[in-house]
Amino acid sequence: MTEIGDNLALLVSAWTGMFRSGSSDALAGILDENVVWQGLLPELVCGDRTQVLEILGRLSRRPPRITRIEAEEFGDRVVISVEGPDFPAMTDAADAPLLAPGAPRSLVFTFGGRRVVRMESLPSRDAAFALAST
């Protein structure tokens, strides 16, 4: 059983380390083999650790700068929302805007034991915190 704050500490350390160094090694260590990462659109889904790490591995070329981070633990869920000038705009297949350039990137991480079993990208900080607190 984990203590209150353990999941938050694990995740913030791994997540900020990834953005600082471009290495996803620390995050890989806490991802379950069958972790699912649901992106902003239904078709944007990674079904295991390898796929998640492939996406995150793209950060190793030039990690984006972070100018703001907010994180909170809600039981087995942790929300992390980060902002920085290097985050590109995100659009859907029809080029409809999903996120503006530099907009916060907000995720909800769900833990099963000491491993992340699910990641969900949300379109806003408020949406992420609302999901995590339910």
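The values are calculated or read from the model by the stated rules, or taken from the named source; none is laboratory data. Small disclaimer: the values here were computed from a predicted structure and weren't measured. Quick reminder, even Gly has a Cβ in these numbers, built from the backbone with ideal geometry, and neighbours come from all protein chains shown. The protein model used for the area step is the full one, side chains on, heavy atoms only, and it has no ligands, DNA or RNA in it. Shrake-Rupley method; radii C 1.70, N 1.55, O 1.52, S 1.80 Å.
Magnitude of the Cβ-charge dipole of region 59-134, K/R +1 and D/E -1, about the Cα centre, nearest 20 debye? Mind showing how you got there, number by number?
Working: 10 positive and 10 negative charges, 77 e Å.
Computed about the Cα centre, the dipole is about 380 debye.
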Potential extension, Leu98-Thr67 segment - 0.36 nm per residue separation minus Cα distance: 9.1 nm
Net charge dipole size for the chain [Lys, Arg +1 and Asp, Glu -1 on Cβ; Debye, nearest 20]: 420 debye
Whole-percent carbon and sulfur share, accessible surface of region 1-128, 1.4 Å: 53 percent
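When the helix-only estimate is applied to the chain (DSSP H runs of n ≥ 4, each -39,500 (n - 2.57), divided by the residue count), what is the mean residue ellipticity at 222 nm, nearest 500 deg cm²/dmol?
Numbers: 4 runs with 37 residues, N = 134.
Value at 222 nm, helices only, nearest 500: -8000 deg cm²/dmol.
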Options (1) 12, 40, 37, 11, 1; (2) 13, 45, 37, 5, 0; (3) 13, 42, 29, 13, 3 - which one matches P(r) over Cα pairs in 10 Å bins from 0, in percent as calculated here: (2)
Å² of accessible area per residue within the chain, as computed with a 1.4 Å probe and no ligands counted: 53 Å²
